[in-house]
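The values are calculated or read from the model by the stated rules, or taken from the named source; none is laboratory data. Just so we're clear, the structure is a prediction, and the values are computed from it rather than from any experiment. Please note: Cβ atoms are built from the backbone with ideal geometry, for glycine as well, and neighbour counts cover all protein chains shown.
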Amino acid sequence: MKYPSAIEKLIESLRKYPGVGKKTAERYALFTVNRMNDESIDEIIESYQKIKEDIFQCPICGNITDTDPCYICKDESRNPRTMIVVEEAKDIIVVEKTNKYNGLYHVLNGVISPSDGIGPDDINLKSLLTRLQNKEIKEVILATNLNNEGETTANYISRLLEDTDILVTRIAHGIPAGGNIEYADEITIVKAIEGRRKL
């Protein structure tokens with residue numbers, strides 16, 4: 001069976017989302033056509049339009065925002081001596097939800113991945129180095145993911161900063177709260193041991 005071209009186009013558009021295959025995209029498209037009223041569809045269209053028109057990357061830290069600069073960069077109560085470096089803007093939300101960190105951020109918008117042809121010049125590194133010329137910043141906390149690309153990126157940044165007065169730290173990775181050691185993989189165990197602290 002061939003769908004009308006408008007539905008086919010919607011299916012193809014929905015497949016651009018990560019984790020959405022042909023069947024899921026088909027289900028979403030048919031739900032939109034058969035179950036959603038015009039008002040609901042208009043709301044979705046308006047939401048996409050607002051994202052297109054109003055959302056951009058903060059020119060200072062790279063966070064997604066609708067103000068220039070973003071709410072974090074304009075907050076003068078934040079600690080200007082520490083900076084967490086993250087891969088994506090969504091990682092900032094995760095840290096902010098803890099209410100335990102009150103410093104600055106920098107979003108790389110990716111990681112170094114030679115196998116994918118992504119080098120240091122392809123991520124938001126140049127502006128990070130420019131920001132770190134600010135003598136107020138005393139510590140950079142590298143919070144990239146615990147995978148090959150995240151580790152490569154963290155190690156690269158660490159090497160770039162080794163001749164500076166900036167303390168470079170890495171977030172501890174290990175066994176999550178409530179997790180059983182028997183289910184942890186080798187990398188998690190190693191990182192848990194490396195990240196140990198005195199009680």
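Worth pointing out:
- Scanning segment 1-35 for residues that are more than 20 Å from TYR48 (Cα to Cα), outside any helix (DSSP H, G or I) and among the small types (Gly, Ala, Ser) yields one hit, GLY21.
- Candidate set: segment 81-118, residues that are free of Cβ contacts under 8 Å to residues at least 24 places away in the same chain and basic (Lys, Arg); chosen: the one farthest from ASN134 (Cα to Cα): LYS97
- Condition met for ASN134 (surrounded by 10 or more Cβ atoms within 10 Å (Cβ to Cβ) and either touching a His at 6+ places or on another chain (Cβ under 9 Å) or assigned to a loop (DSSP other than H, G, I, E, B) (or both)): yes
- Which numbered condition ILE60 fails, given (1) surrounded by 10 or more Cβ atoms within 10 Å (Cβ to Cβ); (2) without any contact (Cβ under 8 Å) to a residue 60 or more places away in the chain; (3) closer than 30 Å to TYR105 by Cα: (2)
- Restricting attention to segment 119-131 and to residues that are hydrophobic (A, V, I, L, M, F, W, C) and either free of Cβ contacts under 8 Å to residues at least 24 places away in the same chain or not in a helix (DSSP H, G or I) (or both), the residue that is farthest from VAL168 (Cα to Cα) turns out to be ILE123.
- Residues in segment 1-23 that are surrounded by 14 or more Cβ atoms within 10 Å (Cβ to Cβ) and of a type outside the set (A, V, I, L, M): TYR3, ARG15.
- Count of segment 29-39 residues which are of a type outside the set (Gly, Ala, Ser) and surrounded by 12 or more Cβ atoms within 10 Å (Cβ to Cβ): 4
- Of the criteria (1) of a type outside the set (Val, Ile, Thr); (2) at pLDDT 95 or above; (3) not in a helix (DSSP H, G or I), which one SER158 fails: (3)
- Condition met for SER77 (surrounded by fewer than 10 Cβ atoms within 10 Å (Cβ to Cβ) and modelled with pLDDT of 95 or more): yes
- Taking the criterion of being within 14 Å of ILE118 (Cβ to Cβ) and either touching a helix residue (DSSP H, G or I) at 6+ places or on another chain (Cβ under 6 Å) or of a type outside the set (S, T, N, Q) (or both), the residues of segment 141-168 that qualify are THR144, GLU149, GLY150, TYR156.
- ASP42 vs. criteria under 30 Å from ASN134 (Cβ atoms) and either in the same structural domain as HIS106 (by TED's automatic domain parsing) or surrounded by 11 or more Cβ atoms within 10 Å (Cβ to Cβ) (or both): no
- For the criterion of being under 20 Å from the mean Cα position of the chain (by Cα), of a type in the set (D, E, K, R) and surrounded by 15 or more Cβ atoms within 10 Å (Cβ to Cβ), GLU26 fails.
- Qualifying residue in segment 149-161 (condition: of a type in the set (Asp, Glu) and surrounded by fewer than 17 Cβ atoms within 10 Å (Cβ to Cβ)): no
- Sub-7 Å Cβ pairs linking a first residue in segment 136-147 that is more than 17 Å from LEU167 (Cβ to Cβ) to a second residue that is modelled with pLDDT under 95 and part of a loop (DSSP other than H, G, I, E, B), at least 6 apart or interchain, are LEU146/HIS173, ordered by first then second residue.
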